[in-house]
Amino acid sequence: MNKATSALIVILALGLSSFIAPDDAAAQGVSGVAFDSIIVGGNNRVPAQRVIALSGLVPGQGTTFLDVQKSIAALYASGQFSNVEIMQGTMGAQEVLRIEVVENPLVTSWTVEGVEKLSERSVRGKVGVNSGRPFDPNVAEGSRLGIDTLYKNEGYYTANVSMRTEPGDSGATVRVIFGVEEGTKVAISRIIIEGNEQIPDAEVVSHMRTGAEGFLWFKKGEFDDEKLAEDLRENLPSFYSTRGFVDFRTVSDTLIVNPETGKGTLIITVEEGPQYKVGDFEVIGNRQYTTDILERYYPFSEDQATGFLGLGGAQEGARNFDAAAWGEATTAVSTLYSNTGYIYARIDPQVSPRISEDGTPVVDLRWQITENSPAIINRINITGNNVTHESVIRRALVMLPGDVFRQDALLRSYQNVSNVGFFEQPLAFPDFEQINQQGDVDITFRVTERNTGNINFGASVGQGTGIGGFIGLQQPNLFGRGKNASFQWQFGRNISDFNVSYTDPSLRGGLMSGTLSLHNTRTRFTIADLGTIRTRGGTLQIGFPLFGSRSTRMFTSYTLEESKFGTDSGDALSNAFVCANCVLSSLSVSAVRDTRIGLPFATGGALNRFEIAQVGGPLKGSGNFRRATFEGRWYAPLAQLGGEDPTSNPLQFVLGYTAKAGFIWGDAGPHFRQLFSMGGTQFGIPLRGYSEFSITPQGFDPFASGNRANTVDAFGGTYFAMTGEIGMRVSQSIYFSTYMDAGNVWSKPGEFNPTRLFRGAGVGLSMLSPLGPIGLDYAYGFDRIDVNGNGDPGWKFHFRLGQFF
């Protein structure tokens, strides 16, 4: 029985003589029927007093028809009852009001069946039914519709969602089951554009993320409601605005689905509006920059003369208006002002449509500029540096208090502080705050220290050097002053290698840097290779900025090293380098320009390094030769996922290219380690997909392995190597890449031929670990065949320790 029927029963039960409408009751001074008591029937679970309280009726108080209506509505709204009747009666001499109810069963549990293609969690989230609560058919139906809508939004237009109940043994409980027949996701077989008169359907559809299914497997044509909404709201208006259709709008969209095939036809109705040409252009309000300078940023200057009211003399409407180009040009002008301190300048890009004399729709363009006063830097604050001294951070800044605030200088300073390498990434972008009416600003850099030092130790096994161990310590931020100190000792029966170095990036607090490194090495190869090598020496390097640049530095280095080579074998390679007391005396000069950002895994910028050295000759020592090397690394960002929040860590994709070359002129004498070897990743010039020392001036050596060079000819006087890669930077510590390497070694510079290269390709993982930088590579060597046909192209696994490509 429904609510209307219940109300009718009450009316009949009270009788026409007892029922008085509220307005009539007020007119006649009647307050309704006063019942002596209220009786509840049909209730098992809900107490009678609770039913009376929910009804709002009070014994002894006048009850009108309106009170009864409200009572019935309140009882239904409680969700406890499926039917309510209120009747008048007598019990002896007393007037009694009887409330008869039918209780809703309690929900013992509920479940969703048939969910496979969507997340069960997302589907269950649409259910409003609660276990332990009375069953409410309206809530259950709302839950069913919510699940159905979810599937429709995900493109499953043929999905069928049902709801059924299973009563318990006593009939007072019920189990609710939502059944889903998912069907197939709607595939758009065709997209029809209606209302487009200027641009054909195919071109319009090509600028939508939503697309029809095609012959190729990746063109599935799956319908996505969010993608379609983005197309209608952003993509299509943006595309049309680049063609001059400023008034474009989407009128409607309709998806017609065949329930038998699951195929759909998407019909989009658009209203293109007129196509506007470029009209007149002017700049007003500019004082800092002349109009001639600002007109260089005007994107339509090739075909459209400047000057308000057509004073430039050219015909108006020569080009279609491009809203995107106009917006980019406005941003460029705004950046121009920001980079010269006018951060409060407002560039208002005004677009005024009109009809020209010949009836052509045109837009007149204007940059309304309000320059305001330039901002001066008052203070630069640094917070969060609990270990690193403030002077280390300030050395990375390219702005000082008293400077005119420049947006590009702020960005470069931010990148430089990030590249210091002592702080957690991503670094929060600096804040700047206006401090007075003149617009001067305080800038605050916020950093979070991270652990910078590392200790590494363990065992090592080297082919030719036997079993040994190693222990090392490195601290790139010694005493919190950015000084780098490292110690490494590798020891064993056949090897003892001791290295220590110290770098001060700011000698006496100035711009000059200094590095001192010392080493003492003894290596005895057990394979008939190089025999025993004893080396001790050191290098002193001084660096200073070139032409005052923070990105370009000049270095001069002097190396003095004593080596002893000896062997009891008659191996040709060993005999070639036998030397009782060889001295290497080398003086080198190098120039380095480094603009990379996002280190240690760069996401932009470039590194260029050139070095030339004189060894021996006028410097005395063994040998007499000159050595020149060049290295260039270039990086360009490709895409980014995430990162909308400045404190988040986005997934960044990077395109990288590296080229290296080296040349030696003269007699290297016994200093074979100054020559170039190639192959593998641990020794010499890396070339992945090949073994160490396997690339020789005579071609590929299939018998090279481990750290063993088989012949004296494995070393060359010239090399060239290059790498192209697409990298994915997951975080400051993890980097994946796919790459292609190519390189070769020649005996002397005159044989240099960059068209004859050995090729490799593969995938790699680089990471920062407590043991220092490590890397794993799996690469395919395409040219692993020597002149006699020995060897086979194939895959090779590489482990890298202590270096990045």
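The values are calculated or read from the model by the stated rules, or taken from the named source; none is laboratory data. On a predicted model such as this, the values are computed, not experimentally measured, just so you know. Counting neighbours? That spans all protein chains shown, and the Cβs are built from the backbone with ideal geometry, glycine included. SASA here: full protein model, heavy atoms, side chains in, ligands and nucleic acids out. Shrake-Rupley method; radii C 1.70, N 1.55, O 1.52, S 1.80 Å.
Observations on the structure shown:
- Degrees between helix 3-14 axis and first principal axis of the chain (Cα, 0 to 90, nearest 10): 30
- Proximal charge balance of residue 655 [Cβ under 14 Å; K/R count +1, D/E count -1]: +2
- The Cβ shell under 14 Å around residue 89 holds other residues with a net charge of -3, Lys and Arg each +1, Asp and Glu each -1.
- Computed from backbone phi with θ = phi - 60° and the Karplus coefficients 6.51, -1.76 and 1.60, the 3J(HN,Hα) list for region 780-795 is 10, x, 7, 10, 8, 9, 8, 5, 9, x, 7, x, 8, x, x, 8 Hz; x is used for glycine and proline.
- Each residue of region 484-493 is assigned a 3J(HN,Hα), and the resulting list reads 10, 10, 9, 9, 9, 9, 10, 9, x, 5 Hz, derived from the Karplus form 6.51 cos²θ - 1.76 cosθ + 1.60 (θ = phi - 60°), x at Gly and Pro.
- On Cα atoms only, tilt of 407-419 relative to the major axis of the chain in degrees: 70
- Each Lys or Arg adds one and each Asp or Glu subtracts one; over the other residues with Cβ under 13 Å from the Cβ of residue 237, this totals -3.
- Heavy-atom accessible area, probed at 1.4 angstrom with all protein chains present, ranks 295, 424 as 424, 295, highest first.
- Between residue 227 and residue 518, the FRET efficiency estimated from the beta carbon spacing at R0 = 60 angstrom works out to 0.45.
- Computed FRET value (nearest 0.05) for residue 181 with residue 102, which takes r as the C-beta separation and R₀ as 35 Å: 0.60
- Solution diffusion estimate, µm²/s, Stokes-Einstein, the chain, Kirkwood Rh from C-alpha pairs, 10 °C, viscosity 1.306 mPa s: 45
- Inter-label distance for residue 352 and residue 201, nm, one decimal - labels placed 7 Å from Cα along Cα-to-Cβ: 4.2
- 19 Å Cα-Cα reach of residue 660 towards aspartates and glutamates, excluding residues that sit fewer than 8 places from it in its own chain: 594, 611, 631, 692, 725, 741, 751
- Given R0 = 41 Å, the distance between the Cβ atoms of residue 736 and residue 558 translates into a calculated FRET efficiency of 0.55.
- A dipole drawn for the chain from +1 and -1 charges on Cβ atoms has a positive end, and of 766, 581, 42 the residue lying farthest that way is 581.
- Part-to-part distance (alpha-carbon centres) for region 349-415 and region 100-177, which is given in Å: 56
- Cα centroid separation, region 420-459 to region 56-94: 70 Å.
- In the assembled protein chains, residue 653 presents an accessible area of approximately 60 Å² (probe radius 1.4 Å).
- Using the 1.4 Å probe convention, the accessible area of the chain works out to 50 Å² per residue with neighbouring protein chains retained.
- Counting only protein heavy atoms and a probe of 1.4 Å, the accessible surface of the chain is 53% carbon and sulfur.
- Dipole magnitude for the chain: about 4120 debye, using +1 per Lys or Arg Cβ and -1 per Asp or Glu Cβ, origin at the Cα centre.
- Dividing the summed helix terms, -39500 (n - 2.57) for each DSSP H run of n ≥ 4, by the number of residues in the chain produces a 222 nm estimate of -4500 deg cm²/dmol to the nearest 500.
- Scoring 727-736, 669-678 by mean Cβ neighbours within 10 Å over their residues and listing the highest first yields 669-678, 727-736.
- Aspartates and glutamates whose Cα lies under 17 Å from that of residue 70, excluding same-chain neighbours fewer than 8 positions away: 23, 85, 100
- Lysines whose Cα lies under 27 Å from that of residue 483, excluding same-chain neighbours fewer than 8 positions away: none
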